[in-house]
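Q: First the structure, then my questions, so here it is.
The values are calculated or read from the model by the stated rules, or taken from the named source; none is laboratory data. These numbers come from a predicted model, not from an experiment. Using ideal geometry, Cβ is built from the backbone for each residue, glycine included, and neighbour counts are taken over all protein chains shown.
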């Protein structure tokens, strides 16, 4: 039969023209990688030469990049970083819950929900406008002064402050995602007999989260950095441990060490954020749904 492959015969491979195109694209990719690598090495070399040949380099190297001080302070700084990680995990969960509730509250329909919408809007306006550092001071020193609870560790109040601040940002991102879902999705779900709650949970929220995933991941990366601010409340985290080491050694290398550890902590998630963003962009350019 014309146009069919006989049983047992190998399927026809790509044509010579297609093979040539693939080889050309591979060569272009290799060339781009080599050029990028060469330009990066040249740039890094120029920066290194400028730094090393600067008049004050030796003093800066001894003050900020002393390997001996870094090794001696590493155990205390890494122990403090573990507190930052614990605060980050708990705060991320709290932000996810409170941010979602605020986003839903701001998208409620009907005049009966006006007080809830106003409260949610006021919350997001206030906590997006106040610097995180001020919220840490107000929560960490103000609430314990009311003596409503027993003595709580500083990282507890720092976690509460981070949840209050970042829930406002996440709520606005989620609200934008919810409003970006086409109304026909809600109407179709309601026509199938789904309640408002099930429509929101099964149909709307999954699409909303998918649309704003890169923005949510960027907020999480920002929170990874701001967990270091809990040191102002007295928590012996990585930043506070580095500060103690600096005071004892009269050397700023522990600060550099703490910064490197924070970078290593956030780098995997930063790369994941870039990958998710690029993937979403490719899908949009290909005409797929986001």
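Q: Of these, 276, 239, which one is surrounded by fewer than 17 Cβ atoms within 10 Å (Cβ to Cβ), in a helix (DSSP H, G or I) and in contact (Cβ under 8 Å) with a residue 60 or more places away in the chain?
A: It is 276.
Q: Here is a further query. So which residues in region 215-235 are farther than 16 Å from residue 99 by Cα and buried (at least 18 other Cβ atoms within 10 Å of the Cβ)?
A: 224, 226, 227, 228, 229, 230, 231, 233, 235
Q: In addition: Looking at this structure, is residue 119 closer than 24 Å to residue 89 by Cβ, surrounded by 11 or more Cβ atoms within 10 Å (Cβ to Cβ) and out of contact with any strand residue (DSSP E or B) (no Cβ under 6 Å at 6 or more places or on another chain)?
A: Here the answer is no, as residue 119 does not meet what is asked.
Q: At least 2 residues that are under 29 Å from residue 219 (Cα atoms) and assigned by TED's automatic domain parsing to the domain that holds residue 164 in each: list the helices (runs of 4 or more DSSP H) lying fully within region 16-132 that qualify.
A: So the answer is 67-106, 114-129.
Q: When region 186-236 is examined, which residues are found to be over 20 Å from residue 131 (Cα atoms) and outside any helix (DSSP H, G or I)?
A: Residues satisfying the conditions are 192, 193, 194, 195, 212, 236.
Q: While we're looking at this one, here's another question. Evaluate the following for residue 75: is it under 30 Å from residue 226 (Cβ atoms) and loosely packed, with under 11 Cβ neighbours inside 10 Å?
A: So residue 75 passes the test.
Q: Need pairs with beta-carbon distance below 9 Å; first residue over 20 Å from residue 173 (Cα atoms) and within region 187-206, second part of a loop (DSSP other than H, G, I, E, B); sequence gap 6+ or separate chains.
A: 196/109
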